[in-house]
1. Could you figure out which of (1) closer than 30 Å to ASP136 by Cβ; (2) touching a residue at least 40 places away in the same chain (Cβ under 8 Å); (3) of a type in the set (S, T, N, Q) isn't true of SER170?
2. Is region 3-23 home to any residue that is over 30 Å from PRO168 (Cβ atoms), part of a loop (DSSP other than H, G, I, E, B) and among the aromatic types (Phe, Trp, Tyr)?
3. Tell me which residues, restricted to region 46-61, are surrounded by 15 or more Cβ atoms within 10 Å (Cβ to Cβ), aliphatic (A, V, I, L, M) and assigned to a strand (DSSP E or B).
4. Hey, any hits in region 57-72 for a residue that's touching a Pro at 6+ places or on another chain (Cβ under 8 Å), within 30 Å of ILE122 (Cα to Cα) and in the same structural domain as ARG159 (by TED's automatic domain parsing)?
5. Looking only at region 69-98, count every residue that is in a strand (DSSP E or B), of a type in the set (Gly, Ala, Ser) and under 30 Å from ILE33 (Cα atoms) and tell me the total.
6. Restricting to region 113-168, count the residues that are under 21 Å from ASP80 (Cβ atoms) and either not in a helix (DSSP H, G or I) or not assigned by TED's automatic domain parsing to the domain that holds VAL89 (or both).
7. Does GLU79 satisfy the criteria of being touching a helix residue (DSSP H, G or I) at 6+ places or on another chain (Cβ under 9 Å), outside the structural domain of GLY38 (by TED's automatic domain parsing), surrounded by fewer than 18 Cβ atoms within 10 Å (Cβ to Cβ) and farther than 22 Å from GLU161 by Cβ?
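The values are calculated or read from the model by the stated rules, or taken from the named source; none is laboratory data. Model, not experiment: these values are computed from the prediction. Here Cβ is always computed from backbone atoms with ideal geometry, including for glycine, and neighbour counts include all displayed protein chains.
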Amino acid sequence: MSTISVFLILVAVLAVVVLSMTIKIVPQARAGIVERFGKYRTTLPAGLNIVLPFIDKVRYMIDLREQVVSFPPQPVITEDNLTVSIDTVIYFQVTDAVAATYEIANYIQAIEQLTMTTLRNIIGGMTLEHALTSRDQINSGLRGELDGATGKWGIRVNRVELKGIDPPPSIIDAMEKQMRAERDKRAAILNAEGQRQSAILSAEGDKQSRILTAEGQKQAQILNAQADRQAAILRAQGEAQAILNVFQAIHDGNPDQKLLSYQYLQTLPKIANGENASTWIIPAELTKALGTLGGTIGKIPVDGGGSKHRVDIEEPVAEEADEDAGTQAAVEQALEAAKDAEGPGGRLGGSATAPSDAPPADEGEPPTGP
């Protein structure tokens, strides 16, 4: 190979190297930091860029997209002197490539350390229970502190999340016991409330049942009293009607002394059939006694003037409960009629014993008529 050919090959290689050092392609959402002789010169945007070879150099390629960094758990002491482990996740974005390159040596490590110190300050003013229930408050406070501190580094903290807050195992066990006790307490309260409501409802039901039973008994007693009253009224009406009918029949039949003697003889067997009548003795003077009874009854007038009040036998007995006044009037009329019929000669249905001044009738002598 000749010297000319070697020279041409070296020139071609040098041209390729110079061209590659002159043309720089920056990807999308990236920024290239260009230094000239070790000093910042410019920032290359995304796309095709041309720099001076051997003079300008792309020192850093900064990612402008939002980045997510997860930090390992760190021990943090709460206000009530309990150590908890907290791991965080930071969402940040580089807004100024020059500041992120020259203002801070390692912005990710700086964000991690700043996150830990800020988190200790925030958690140190909270109790464990407050820290466990205030994640949103911790996230917003931590984000504000980090965003204010990283602004001069050209970094914007968009979001901070606490992945976990892990108390010590003994505290976790105590919290579980406390929660179990709280649940048992709520269960006991609910059971007591249920029993209380059940007892109240049972008492209300028993009360209503007793009230309804008492009301039913009251109505039944009222109805029974009304029925007894109605029955008593009807019996009184029937007895009054029977008295009037018997009284009218007696006067209409105009009985004599023989009929009364016959009725007396029919009554004697009924007297002998009494419960206490174990022995029946017929007196020898039975004929004389009958004569005396006949003489006594003979003084009853044959016709006492008749019934003062004619009663229709076919008239139905009143059944209405509101006819008390009519029934009472009927009874009073019957009593008045009986008094009027009594007359001066004696009483109907009076004592069978002869008066002391009546002359005794002769034995065997038939009684005289009225």
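1. The failed condition is (2).
2. Checked region 3-23: no residue is over 30 Å from PRO168 (Cβ atoms), part of a loop (DSSP other than H, G, I, E, B) and among the aromatic types (Phe, Trp, Tyr).
3. The one that is surrounded by 15 or more Cβ atoms within 10 Å (Cβ to Cβ), aliphatic (A, V, I, L, M) and assigned to a strand (DSSP E or B): VAL58.
4. No, the conditions are met nowhere in region 57-72.
5. We begin by selecting, within region 69-98, every residue in a strand (DSSP E or B); these are 69-70, 74-77, 83-94.
From the residues that got through so far, the ones that are of a type in the set (Gly, Ala, Ser) too are 70, 85.
Narrowing further to those that are under 30 Å from ILE33 (Cα atoms): 70.
Summing the residues that are in a strand (DSSP E or B), of a type in the set (Gly, Ala, Ser) and under 30 Å from ILE33 (Cα atoms) in region 69-98 gives 1.
6. The total comes to 11.
7. Details: touching a helix residue (DSSP H, G or I) at 6+ places or on another chain (Cβ under 9 Å): yes; outside the structural domain of GLY38 (by TED's automatic domain parsing): yes; surrounded by fewer than 18 Cβ atoms within 10 Å (Cβ to Cβ): yes; farther than 22 Å from GLU161 by Cβ: yes.
Against the criterion (touching a helix residue (DSSP H, G or I) at 6+ places or on another chain (Cβ under 9 Å), outside the structural domain of GLY38 (by TED's automatic domain parsing), surrounded by fewer than 18 Cβ atoms within 10 Å (Cβ to Cβ) and farther than 22 Å from GLU161 by Cβ), GLU79 qualifies.
Okay, residues lined up against (1) at pLDDT below 85; (2) in contact with a Phe, Trp or Tyr (Cβ under 9 Å, 6 or more places away or on another chain):
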residue	(1), (2)
ILE4	yes, no
PHE7	yes, no
ALA15	yes, no
SER20	yes, no
ALA31	no, yes
PHE37	no, no
ARG41	no, no
PRO45	no, no
